[in-house]
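Accompanying notes for the structure given below.
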Amino acid sequence: PLPHGSSDLDSASPTRPAMRLSATLALAGSAAPPAFHRLPTGATTPRGWLLKQLVLQAEGLSGHLSQFWDDIQNSIWIGGKADGDLHERAPYWLNGFVPLAYLLKNANITELDGMAGIYKQTAACAALEKAFPDCKDIPAVRPLDQACLLYRRGWESPPVDKYVSYIMAHQNNETGWLGPDDQPTGGDQYWGPSNVLQSLWQYAEAEPTKTQEVVAVIIKHLLAMKKRMETIKMTSWAAFRWIDLAFTAEWVLANSPQGHEEELKELITMLHDQGDDWDTIFQDPHGEHNVNVAQGLKSAAVEYLASDGTNASAYTALSRQRMAELDAQYGLATGMYVGDELMPDGPLSSPSRGIELCGVVESMYSYNIMLSTHGDPAFGDRVERIAYNALPATWASPRGGDMWAHQYLQAVNEVVAVQSNPHLWTHDNDMSETYGLAPNFGCCTANFNQGWPKLANGLFYTVEREGEEGIAVGVWAPASATTKYGSIEVDTTYPFGDSANVTVRGAEGIKNIFLRIPAWSVGTTVSGAPGTPKNGTFFKIPVTPGVHSFQVQFSAEIRIETDGFLTADSGVQVGVDRANGDLPGQPTPGTTAEACREACQANADCVAWAFDSCANSNPSCWLKGDLVAPATKSCRTSGAVAYDSRSYSVHRGALLYSLPLGLNYTLTHTYYNESKDYEVRPTTAWAFALDADPTNPSAQLSFVSDGGYVPGAAPFNQTGWPNHIEASLLPLDGWTMLYNSAAVPPASPACASGRCGAAQKAALVPHGGTVLRIGDFPLAHWPRESREVVV
């Protein structure tokens, strides 16, 4: 069986290249050009299921937050009082809403029937527009009147214009600062505007006639930030997330620096020097914030773009190592990692532990930038794995398939989504796995918006290396685009189908087409092209100006991947504590450290222990459900026991297949339109062992096409799935709940000595179309191959 996300990545630690910024940088851009050049916002037109998904997003929360959610509707960024503290929520929303608007505009979506959302002109708006044509001269007492300030019919003046125009018009003329400026002496003040800047440069790309005006606004703020950073150093969120600010400065350098090249280079250097060192953090990321980690993933790529370009392979190796390190310590079957707010204290990849929705969309964006910068197809594989599994699996509603209610935390093995106390996750509240408007924190309600739109804008690239000029398909989905080398259209139902038709209308100067062949697709064929594609590479096809058509047939076989790892017994460690991760009912009276260790060894849920002898008259034993990191502390003795946390997931192509559970929804709150909060409980059993041979999955597992994707259907509906994998499952009574979640899957073979019930047939369906599910199983009968022990 394959370890999840396995590839030929070299996990050796490369030498960290020095960051170089010198006068040799080209005046119009960075010294180190990316392997692939991203297309500007507005160049791509979604089609097929991807267009449907984007429409569902617009019909859901994305298109309605500005009508009722205070942090958007009444944001401090447009003159209101809401979105205080970090001032990040309207910027988060706009960062996804700008690309969404232009993707739908390209697809000729001007109104959405039956919705009261962003595409409809309400009666109130009509009345206001009559009184205040073009939304001008609105009285100061009504700066936030939604009907006029934010909405117009169709796309003549979409709401994105209203936000962008207000923000630009209210830039501080003296300082150049954008937005609220109520923390002028704090080192975290630089974070809030970061996503506004990203929104603005996307807007500038989509509106060529406004580019110079918008970029001038961006530059003024960047220079104001540079001036402040000379005396007020970055701290906190800004210091962790400096990468995004640097990428914005690099975008300006590459597109329209307007004579400020040297100042922008100096700013990038300052951001790098004052920001946190991600090369060091990734050597031991435990305890870090999961979203910081997601944004830090692209640090080597962004640094490379600011270098002199002489160390490309070393920077690529650093980016590859980022992915490999997360997989090895915290990896999940969806391509994500365990990060229920903070990264676990030690190596942990329990499929019942969560990852934050913000972490999902930021990881997607980071991997897209890594793909563009390095040209490494492994990052395209990872974008798809996350986008087609983790992203849709965090949404639910009784009608299914829409985008009105999301989780804050999602888990691969999600057997209940209710207010949970106690709970497995360590730093978020008891509502974090329920579905709704803003469970736990509202940051993900605002930040999720970038997920699908930025994926759509990261499908195609241009290759501009001399002699290789052309177009690249980096991520597979149905869409078309216009580029400097001509147009490209991909007609496909991928990832639900196994083929794609690629049509290229090459312009003058085109020489090649590059098609990403996924690592899992051994035996891909491309009709109409010379040569034999190799999996895990970009297949290069020479072309000339004119029309070319290629038929791509992927080779998708069922595979079983191994998640989790073995840990060795650490022995008895005197003067060492392991805090947090306690099992229920702790502590228990203890007599000796050895007795505490033996109690842990005898408890199937225990992976570590700590003996407290500080109170000599009443010593206690703490049994742990997490492999928590050790820390020096007197009068403590602790250790980790030999533990097998490996489980198995079923994949075919880019999709993870999971067991869907029956659903019982409880409505707990209604906000506006279809925005509601839900608890979800299972109506069917979930504790099963998988009857399959990991070395020959097709012997017991069979793929069934249920007609494939039906045009117009919700792509990730929770019923009527486009296909499924038929499996044999055995009931496993010994697999129980822990802290209101499924316990770690029992060790395999789980059905030895008659511990399982009779086998039964079950359908495993695309993970992204599930609400409650089991995506990681123990094996019923097959022993596992030995693997390297991770301590």
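Counting other Cβ atoms within 10 Å, which trypsin sites (Lys or Arg not before Pro) in the stretch 361-425 have at most 15 and lie in a DSSP loop? Intermediate results must be reported in sequence, preceding the final value.
Details: sites: ARG382, ARG385, ARG399; in loops: ARG399.
The qualifying sites are ARG399.
Which semi-axes, in whole Å and largest first, does the equivalent ellipsoid of the stretch 387-429 have when worked out from the alpha carbon gyration tensor as the square roots of 5 times its eigenvalues?
Values: eigenvalues 84, 31, 17 Å².
Semi-axes, largest first: 20, 12, 9 Å.
For the stretch 669-791, count the residues as N, evaluate 2.2 N^0.38 Å, and divide the Cα radius of gyration by that value, please. Don't skip to the answer; put the middle values down first.
On the way: Rg = 17.5 Å, N = 123, 2.2 N^0.38 = 13.7 Å.
Here the answer is 1.28, to two decimals.
Taking a temperature of 20 °C and a viscosity of 1.002 mPa s, what whole-number D in µm²/s does Stokes-Einstein yield for the stretch 443-569 with Rh from Kirkwood over alpha carbon pairs? Walk me through the numbers on the way to the answer.
Working: Rh = 16.1 Å.
Calculated translational D: 133 µm²/s.
Using C-alpha pairs under 8 Å with a sequence gap of at least 6, the mean separation divided by the residue count of the stretch 264-355 gives a relative contact order of 30 percent. Helix 194-206 and the long axis of the chain differ in direction by around 50°, with both axes built from C-alpha atoms.
Spin-label model, HIS669 to ASP284: label points 7 Å out along the Cα-to-beta-carbon direction sit 4.0 nm apart. Rounded to the nearest Å, what's the spacing between the alpha carbon centres of the stretch 190-236 and the stretch 325-360? Just the number, please. Centre-to-centre distance over Cα atoms comes out at 32 Å. Report, to the nearest whole %, how much of the accessible area of the chain belongs to carbon and sulfur atoms, 1.4 Å probe, protein only. Using a 1.4 Å probe with all protein chains present, the chain comes out at 51 percent carbon and sulfur.
Once C-alpha pairs closer than 8 Å and six or more residues apart are averaged by separation and normalised to the residue number of the chain, the relative contact order reads 14 percent. Computed with a 1.4 Å probe over protein heavy atoms only, the accessible surface of the chain comes to 34 Å² per residue.
Peptides 208-219, 354-365 ranked from most to least packed give 354-365, 208-219, packing being the mean of other C-beta atoms within 10 angstrom over each peptide's residues. Got the relative contact order for the stretch 186-261 handy, in percent, Cα pairs under 8 Å and 6 or more residues apart? That works out to 47 percent.
Taking the longest Cα principal axis of the chain as reference, the axis of helix 357-374 is set at about 70 degrees. From helices alone, the chain scores -8000 deg cm²/dmol at 222 nm; the rule is -39500 (n - 2.57) for each run of n ≥ 4 DSSP H residues, then divide by the residue total. Put simply, the C-alpha atoms of the chain give a gyration tensor, and the ellipsoid matching it has half-axes of 41, 31, 28 Å, longest first.
The values are calculated or read from the model by the stated rules, or taken from the named source; none is laboratory data. These figures come from a predicted structure and were not determined experimentally. All Cβ positions, glycine included, derive from the backbone under ideal geometry; neighbour counts span all protein chains shown. With ligands, DNA and RNA removed, areas are computed over all heavy atoms of the protein, side chains included. Shrake-Rupley method; radii C 1.70, N 1.55, O 1.52, S 1.80 Å.
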